[in-house]
1. Once R0 is set to 22 Å, what does the formula 1/(1 + (r/R0)^6) return for the Cβ-Cβ distance between Arg140 and Asp90, expressed as a FRET efficiency to the nearest 0.05?
2. Over the alpha-carbon set of the chain, work out the extent along each principal axis and list the three values in angstrom, largest first.
3. Using a 1.4 Å probe on the protein heavy atoms only, what accessible surface does Tyr233 show? Give it in Å² to the nearest 10.
4. log10 I(q)/I(0), Debye, Cα-only the stretch 32-202, no solvent, q = 0.14, 0.17 Å⁻¹?
5. So for the stretch 32-202, taking the charge dipole from beta-carbon charges (+1 Lys/Arg, -1 Asp/Glu), which of Ser162, Thr75, Leu37 sits furthest toward the positive end?
6. So, with +1 on the Cβ of K and R and -1 on the Cβ of D and E, and no other charges, what is the size of the charge dipole of the chain about its Cα centre, to the nearest 20 debye?
7. In the full protein assembly as shown, how much of Lys169 is accessible to a 1.4 Å probe, in Å² to the nearest 10?
8. Ignoring any ligand, DNA or RNA, what whole percent of the accessible area of the stretch 32-202 comes from carbon and sulfur when the probe is 1.4 angstrom?
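The values are calculated or read from the model by the stated rules, or taken from the named source; none is laboratory data. Keep in mind the model is a prediction, meaning the values are calculated, not measured. Note that we place each Cβ from the backbone using ideal geometry, even for glycine, and neighbour counts take in every protein chain shown. Heads up: the accessible areas ignore ligands, DNA and RNA and are worked out on the full protein's heavy atoms, side chains in. Shrake-Rupley method; radii C 1.70, N 1.55, O 1.52, S 1.80 Å.
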Amino acid sequence: MSKTELFFKSELMQNDIDEAYEAIIEESESGEVGYYLLPEDMQTLTEIRQFCENYDFDAIKNVVVIGIGGSSLGTKAIDYMLAHTENRNDKNLIFMENVDPNEIKHNLKNVNFEESFFIMISKSGGTIETTSHVKYILDRYDISLGDAAFVKHFAIITDPLSPLDQFAKEHTLTTFHLPLNVGGRFSVFTPVGLLPLMILGYDVEKILFGARELKESFFAKNEDTLIKKAYFYASSQENLPINVLFSYSSSFKYFNDWYVQLWGESLGKINRDGKKVGLTPIALVGSVDQHSFLQLIIEGPLNKTVTMIKVEDFNNEMKIPDITIPHLEKTNFINEHSFNELINAQCDATMESIKDQGVDVDMITLNGLDEKSVGEMIFYYELLTSLTGYFLNVNTYNQPGVELGKVILQKKFEK
Ligand code: PA5
């Protein structure tokens, strides 16, 4: 299990902590919010495993995920965090997200249709980016909707009875469903993430196990720190409106993106008291961003909280060799130490320097980066988001703000 240390005081009485536990347990039991149940959903896992066992994935070189936002970011985050592990096979994972024509061209440059498996993911079923990509792929590879090749090389993941679901049924396409009560950005433990991750060889059951361990601990009311942290963020959001995640491993690059989406889309809202609230998410990778954003944290306005993520054991003994470079002798203090030691010492040093400036910091330490710890991290952030939403008094699970732009877009193309 990972540990979180808070280096700030969160003044919350025990009965308020208990109320927060109860609110989340009630939300989970109400059936309105389904993501809490995903870590123990073994039935979906079995269905996906059966499909993967029966499909000839040996012939597939490219797994192309066509989806955006909650339909892609979780998978991308997990794959990048686990890419160094033994289970990952050598299939290419390609994401068709943005409608940038140059990126589309680049993404499909070496994609041979016969060697590729396309997963079209859209909860609503009608997202313009996703449908546009699919239309382009069909045209580019000269595939008609009725072709056997379409049925063989495509799978669909969507809500039951969505327009896409109806289309998939009519064309006998392989289809997996998301539960209706699981929102896109909370859906990585549904087929949305489980299918591509299983095709890539990951031990998906272990990912769910990591999430389940944290869930059980929270539901047994052993995670007060999580509640204190959420309360601190929500209660200080006017003075500390920026939430910085400083992750000390390049493997967190897309986890950071996933966090920005989860945090931004879930918490930036007009709350139930009619007030505009939210915490602006900023995500950094250490040590790289010590050389860019850190200056602003240290000497800029005291309007941020910072969470550091540290990986204790990278399972990699690589060392800085004992070489003296003339004139650069002052760098010799690190010779013969491991890169693992160096990055973690940098994380600690940055954390101390930030704390010394009076910035409110906490540190999450993971034992290592494996399937279990990654499952735990994802669920940790989902719970933290739900709890912060509870304290901010918002509906964490909708996104009314993004609809307006879609309406305006359609008008722009109306003749
Ligand atoms: O989290 C969300 O709800 C959004 O980011 C959606 O995932 C995103 O807009 C894509 O929607 P859909 O899956 O319906 O295509």
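1. With a Förster radius of 22 Å, E is 0.35.
2. Its Cα atoms span 65, 62, 46 Å along the three principal axes.
3. Answer for Tyr233: close to 0 Å² accessible.
4. The computed values of log10 I(q)/I(0) come out as -0.69, -1.07.
5. Thr75
6. With Lys and Arg at +1 and Asp and Glu at -1, about 1360 debye.
7. Surface open to solvent at Lys169 totals about 140 Å².
8. Solvent-exposed carbon and sulfur of the stretch 32-202 make up 49 percent of the total.
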